[in-house]
Amino acid sequence: MKRIGVLTSGGDSPGMNAAIRAVVRKAIYHNLEVYGIFQGYAGLINGNIQKLELGSVGDIIHRGGTMLYTARCEEFKTKEGQAKGIEQLKRFGIEGLVVIGGDGSYRGAKALTEHGFPCVGVPGTIDNDIPGTDLTIGFDTAINTVIDAIDRIRDTATSHDRTFIIEVMGRDAGDIALWTGLAGGAETILIPEENYDMKEIVDRLKRGQERGKKHSIIIVAEGVCSGVDFAKQLKETANLDTRVSVLGHIQRGGSPTAADRVLASRLGARAVELLLDGKGGRSVGIESNELVDYDIIEILSKPHKVNLDMYRLSKELSI
Ligand code: F6P
């Protein structure tokens, strides 16, 4: 293999730049040429492709977003779109591809793999919902951003003796809600993987108020319902007044944490090693701090599992 490509796709996540840097530098270290594909699969279809040098990835390790830009591309879900993409890869002489992204990006990488094109997936998403890795790139930064917001909201909640509902991202996964709820000492955490009992939630809130608690924080994962809908339910069932904060896309931006930069550097470099070893169709990950890789098609057929021990613990600690 002489020339590889790299792209970022789907929702951006902090640390994607560190992963791109690792791919480029590791490839050049091994005398490979690297081409950056801009704007994800849309850029692949349109041939928005440029050669990257060592200096192209200088001064980006600490920056959020992705220097290659990203997109959600409907056309690449079609056979015609995929054929156009493969044509462009051939046109540029690219023999292997590193795809950095989440679930949708992995589906694109799976399609390329099924067309026989060597592709390695690097899990980059704030949602932490890719199987075959303990952590995805961007999750650590996102949960730290959420914690910062929870701490601020707690100040005003205490001053006003209020209950706050904080809606967090995560698509269909509850990881962001669970980790931030546990780290932020939330009274209640709602995740899509587990049903909730309204009576239990109201009783807990009331017990807290009776103990003289000055605030209550409820974290709602977007995969359960919107924060506004949950506030309506609380009003209707228990006549409870609340305030709602939807954190939204601030969870996706910002400078990556050290943990995300290290993770991205390790996973990006490992992806290049796999391509050099002639191993396409893989997804890289980290398990118990060891680098691992799995068949990307198998990864996509597995359900993501949230840590239910942590969920039970959060309940025990918020009695
Ligand atoms: O997958 C990352 C994510 O931020 C999800 O948490 C969220 O559901 C989705 O992307 C939002 O997508 P968009 O930026 O396209 O609105």
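Kindly indicate the residue of segment 151-200 that is aliphatic (A, V, I, L, M) and part of a helix (DSSP H, G or I) and also nearest to Q251 (Cα to Cα) among those meeting that condition. So the residue we want is I176. Scanning segment 162-194 for residues that are within 16 Å of the ligand (Cβ to nearest atom) and basic (K, R) gives a single hit, R171. Scanning segment 48-64 for any residue that is within 16 Å of the ligand (Cβ to nearest atom), open to solvent by less than 10 Å² (accessible area, probe 1.4 Å) and in contact with a Ser or Thr (Cβ under 9 Å, 6 or more places away or on another chain) turns up nothing. The single condition from (1) polar (S, T, N, Q); (2) assigned to a helix (DSSP H, G or I); (3) under 18 Å from the mean Cα position of the chain (by Cα) that T133 fails is (2). Right, L205: open to solvent by 10 Å² or more (accessible area, probe 1.4 Å), in a helix (DSSP H, G or I) and either under 21 Å from R154 (Cα atoms) or among the charged types (D, E, K, R) (or both) or not? Answer is no for this residue. In segment 2-34, the residue that is nearest to the ligand (Cβ to nearest atom) out of those that are at negative phi and part of a loop (DSSP other than H, G, I, E, B) is G11.
Across segment 105-116, a minimum of one residue is classified as within 16 Å of the ligand (Cβ to nearest atom) and either within 13 Å of the chain's Cα centre (by Cα) or more than 24 Å from K302 (Cβ to Cβ) (or both).
D197 falls short on exactly one of the conditions (1) of a type in the set (D, E); (2) within 16 Å of the ligand (Cβ to nearest atom); (3) open to solvent by 30 Å² or more (accessible area, probe 1.4 Å), and that condition is (2). The requirement of being open to solvent by 70 Å² or more (accessible area, probe 1.4 Å), β-branched (V, I, T) and at pLDDT 95 or above is fulfilled somewhere in segment 256-279, by at least one residue. Scanning segment 235-255 for residues that are open to solvent by less than 60 Å² (accessible area, probe 1.4 Å) and either over 30 Å from the mean Cα position of the chain (by Cα) or modelled with pLDDT under 95 (or both) yields A238, L240. Among the residues examined, R171 does not qualify as closer than 18 Å to R204 by Cα, in contact with a helix residue (DSSP H, G or I) (Cβ under 8 Å, 6 or more places away or on another chain), in contact (Cβ under 8 Å) with a residue 40 or more places away in the chain and surrounded by fewer than 23 Cβ atoms within 10 Å (Cβ to Cβ). Applying the criterion of being aliphatic (A, V, I, L, M) and surrounded by fewer than 24 Cβ atoms within 10 Å (Cβ to Cβ) to the residues of segment 27-44, the residue that is farthest from L275 (Cα to Cα) is A42.
Checked against the criteria, D151 counts as away from the ligand (no atom under 16 Å from the Cβ) and either out of contact with any helix residue (DSSP H, G or I) (no Cβ under 9 Å at 6 or more places or on another chain) or of a type in the set (D, E, K, R) (or both). Restricting the search to segment 243-260, which residues are assigned to a loop (DSSP other than H, G, I, E, B) and under 17 Å from G223 (Cβ atoms)? Result: L247, single match. For first residues located in segment 247-267 and among the small types (G, A, S), partners that are more than 16 Å from the ligand (Cβ to nearest atom) and open to solvent by 20 Å² or more (accessible area, probe 1.4 Å) and lie 6+ apart or on another chain with Cβ distances below 7 Å form the pairs S255/H62; S255/R63.
The values are calculated or read from the model by the stated rules, or taken from the named source; none is laboratory data. Everything quoted here is computed from the prediction, not taken from an experiment. All Cβ positions, glycine included, derive from the backbone under ideal geometry; neighbour counts span all protein chains shown. The area values use the complete protein model at the heavy-atom level, side chains included, leaving out ligands, DNA and RNA. Shrake-Rupley method; radii C 1.70, N 1.55, O 1.52, S 1.80 Å.
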